[in-house]
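Novice: Sharing a structure, written as structure tokens. Questions coming.
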Amino acid sequence: SQDGRKKLFSMKYLANASKSTLISEFKEWLSEYKDWIHSCTDKVVLLDEEYREAARQNIGKCQKTFDTIIRSIDSLEDEVVYKAFKYANEAMYLQRRQVLIKKQGININDDSIKWYPFQLAFFLQEVISFAHPNGNERKLVDLLWFPTGGGKTEAYLGIAAFVIFLRRLRSPKYGSGGSIIMRYTLRLLTFQQFERATAMICACEKLRVKYRLPGGDISIGLWVGK
């Protein structure tokens, strides 16, 4: 249902839903993407001959993306991967809520704290690369191409939180070292992104204490200049 779909994008809901529920609802959501791919495939024959091969190639890329996301969803069957995903969504919920409180005051509707569909899809697409680092997905570089202000930062901060938690859950002794490096070419952009990343890291540290996760403090540093 439409209401159920809106619920699926809620960060708070994803942080609390059971494993079986998440996997089932994610696959139901992805089935709509599969239907769209099939509908595009049927339209290829309606194109002029010169465009058909390009259309088939693009549809093939869509199918590969679908397959990757399905494998990521299946990887949530692993209890550690599932927990890391839950904790990452809770961290992003806390981060986003704090940012909104700073802007709007304390009256925040939790239902308004949610992923855009493309953000959640990109997050899920990357899960398999970290859940199974020896797989073919890890050999690829995925580019998130979206307009300025469209929500790219939230998407990769969610993935960063997932990696931080997954490393600590999988390797309690060695998983708490340097996990993420973010590089920016403009100094002003660096400061803006650092502020948002810091809110996410503070949320991760809060959850480390809450869930008694292994490793020392989850912290962040900034290097500016030559």
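The values are calculated or read from the model by the stated rules, or taken from the named source; none is laboratory data. Bear in mind the structure is a predicted one, so any value in this text is a computation, not a measurement. For neighbour counting, all protein chains shown are included, and Cβ atoms are generated from backbone atoms with ideal geometry for every residue, glycine included. What goes into the accessible areas is simple: the full protein's heavy atoms, side chains included, and nothing from ligands, DNA or RNA. Shrake-Rupley method; radii C 1.70, N 1.55, O 1.52, S 1.80 Å.
Novice: Which condition number does I101 fail, the rest of (1) outside any helix (DSSP H, G or I); (2) within 20 Å of C204 (Cβ to Cβ) being met?
Specialist: Every listed condition holds for I101 apart from (1).
Novice: So, in region 104-125, how many residues would count as being assigned to a helix (DSSP H, G or I), under 23 Å from R208 (Cα atoms) and open to solvent by 10 Å² or more (accessible area, probe 1.4 Å)?
Specialist: Selection size over region 104-125: 1.
Novice: Turning to a different aspect of this structure: Please verify whether R97 is surrounded by 16 or more Cβ atoms within 10 Å (Cβ to Cβ), more than 13 Å from the chain's Cα centre (by Cα) and at negative phi, treating the condition exactly as stated.
Specialist: Considered against the rule, which asks whether it is surrounded by 16 or more Cβ atoms within 10 Å (Cβ to Cβ), more than 13 Å from the chain's Cα centre (by Cα) and at negative phi, R97 comes out as yes.
Novice: Now a separate question. Could you tell me which of the residues A197, A160 is within 17 Å of the chain's Cα centre (by Cα), part of a helix (DSSP H, G or I), hydrophobic (A, V, I, L, M, F, W, C) and within 21 Å of L76 (Cα to Cα)?
Specialist: Testing whether each residue is within 17 Å of the chain's Cα centre (by Cα), part of a helix (DSSP H, G or I), hydrophobic (A, V, I, L, M, F, W, C) and within 21 Å of L76 (Cα to Cα) leaves just A160.
Novice: Inside region 52-84, can you point out the residues that are surrounded by 17 or more Cβ atoms within 10 Å (Cβ to Cβ) and not in a helix (DSSP H, G or I)?
Specialist: Residue satisfying the conditions is L76 alone.
Novice: Let me ask something else. State all residues of region 106-131 that are in contact (Cβ under 8 Å) with a residue 60 or more places away in the chain and not hydrophobic (A, V, I, L, M, F, W, C); if no residue qualifies, say none.
Specialist: Residues satisfying the conditions are D110, D111, K114, Y116, P117, Q125.
Novice: Of everything in region 193-210 that's at pLDDT below 95 and among the charged types (D, E, K, R), which residue is most open to solvent (accessible area, probe 1.4 Å)?
Specialist: E195
Novice: Name the one entry in S176, S219 that is open to solvent by 20 Å² or more (accessible area, probe 1.4 Å), of a type in the set (S, T, Y), under 21 Å from S129 (Cβ atoms) and touching a helix residue (DSSP H, G or I) at 6+ places or on another chain (Cβ under 8 Å).
Specialist: Sole residue among the options that is open to solvent by 20 Å² or more (accessible area, probe 1.4 Å), of a type in the set (S, T, Y), under 21 Å from S129 (Cβ atoms) and touching a helix residue (DSSP H, G or I) at 6+ places or on another chain (Cβ under 8 Å): S176.
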